[in-house]
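Notes follow once the structure below has been shown.
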Amino acid sequence: MKSFKIIPVIDILNSTAVHAKKGERTKYKPIQSTLFQSSNPVEIIRKIKKKSNLHEFYIADLDSIISKTPNFQILKEILDISKIKIILDPGIVDLKEIYHFKEFKTKSLILGLETIKSFKVISQSLQILSQDNIIISIDMYKGQILSKAKDIKNQNPIDIIKKIESLGIKSIILLDLYRVGQKIGGIPPLYLDILKNFDGDILVGGGIKNFKDVLDYKDQNFSGILIATALYDGTIDFEKLRNL
């Protein structure tokens, strides 16, 4: 069985950690939790690290994704925290932006299907970054590929993933924005089909309802989950994750 990762999610909008729901970004509000009395992304990560001993975080820089105003200072402060590693989605569009963000010592840089301008950007990224430093986010809405790129949108997710694997990509994220922030629960049949058709690491974001969901994804041999809502509202206990 593959190792299984629990990766807390921090969505940053207007330089503040926000609660994401259904991809409706204009409605996102500063995160509230009994676990921490702050919506400062740096302070939240410090607190989670202390409570859970988790060291890897998924950062979605929505300011960079939406308005191309990256939170460089916040990212620097996060990376200065001892032993913290991040996988970063800054809304990469093209090759120029890959060069722009490769200077940050992130564990992995995410290329999202929602934002890249064409499939070619994925193959170009392998000329700059190693396979181990790239994760492709399979951005979807209710199981349909979410993309503006003509050679990506309206395609079958499994067909796209097979093309990605043929390039040598080793890691993907399944991210259905409709499931984000909703605690829908369960494993979509599409995800199980993808699991059969991709030999690399598969992380899943969105829809985690409770600790049983965490165990189900682990038992099905996924590589890990990205988790926010069920963690921050107290549904899933840090101690259980630590033991897992």
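Which entries of K68/K120; K51/K76; K27/K120; K22/K148; K117/K240 have Cα-Cα distances beyond 29 Å here? Pairs exceeding the cut-off: K27/K120; K117/K240. For segment 116-133, 3J(HN,Hα) computed residue by residue from phi via the Karplus equation (6.51, -1.76, 1.60; θ = phi - 60°) reads 5, 7, 6, 4, 4, 4, 5, 5, 5, 4, 6, 7, 10, 10, 6, 4, 6, 9 Hz, glycine and proline entered as x. Within segment 25-91, the trypsin sites (Lys or Arg not before Pro) that combine a DSSP coil assignment with at most 13 other C-beta atoms in a 10 angstrom radius are K68, K83. Would you be so kind as to identify which of G143, A60, I194 lies farthest towards the positive end of the dipole of the chain, taking Lys and Arg as +1 and Asp and Glu as -1 on Cβ and the Cα centre as origin? Of the listed residues, the answer is A60. Positive contributions from Lys and Arg (+1) and negative ones from Asp and Glu (-1), summed over other residues with Cβ under 11 Å from the Cβ of D176, come out at +2.
Taking 0.36 nm per residue of sequence separation and removing the Cα-Cα distance, the L167/K153 pair yields an extension gain of 3.2 nm. Only helices enter the 222 nm calculation for the chain: every DSSP H run of n ≥ 4 contributes -39,500 (n - 2.57), and dividing by all residues gives -8500 deg cm²/dmol, rounded to 500. Computed 3J(HN,Hα) for segment 9-15, one whole-Hz value per residue from the Karplus formula 6.51 cos²θ - 1.76 cosθ + 1.60 where θ = phi - 60°, is 9, 10, 9, 10, 9, 6, 6, glycine and proline marked x. Here the relative contact order of the chain, from alpha carbon pairs under 8 Å that lie six or more residues apart, stands at 21 percent. Taking a straight line from the alpha carbon of K153, these aspartates and glutamates sit under 12 Å away, with near neighbours fewer than eight places off in the same chain left out: E114, D139. Electrostatic bookkeeping for D61 treats Lys and Arg as +1 and Asp and Glu as -1; over the other residues with beta carbon under 14 Å from its beta carbon, the sum is -3.
With R₀ set to 30 Å, the beta-carbon distance separating F104 from L215 gives a calculated FRET efficiency near 0.35. Say R0 is 25 Å: what FRET efficiency, to the nearest 0.05, do D193 and S3 get from their beta-carbon distance? Result of the calculation: an efficiency of 0.65. Each other residue within a Cβ distance under 11 Å of I152 adds +1 if Lys or Arg and -1 if Asp or Glu, for a net charge of +2. Remark: the E43-K76 segment gains 10.6 nm on full extension, using 0.36 nm per residue and subtracting the alpha carbon distance. Within the chain, antiparallel bridges make up roughly 20 percent of the DSSP beta bridges whose residues both belong there.
Full extension of the chain segment joining L35 with K22 gains 2.4 nm, where the gain is 0.36 nm per residue of separation less the Cα-Cα distance.
Taken together, the values in this text are just the output of simple stated rules run on the coordinates, not laboratory data. In this text the structure is predicted, and so the values were computed from the model without any measurement. Neighbour counts are summed over all protein chains in view; Cβ atoms, including those assigned to glycine, are modelled from backbone coordinates with ideal geometry.
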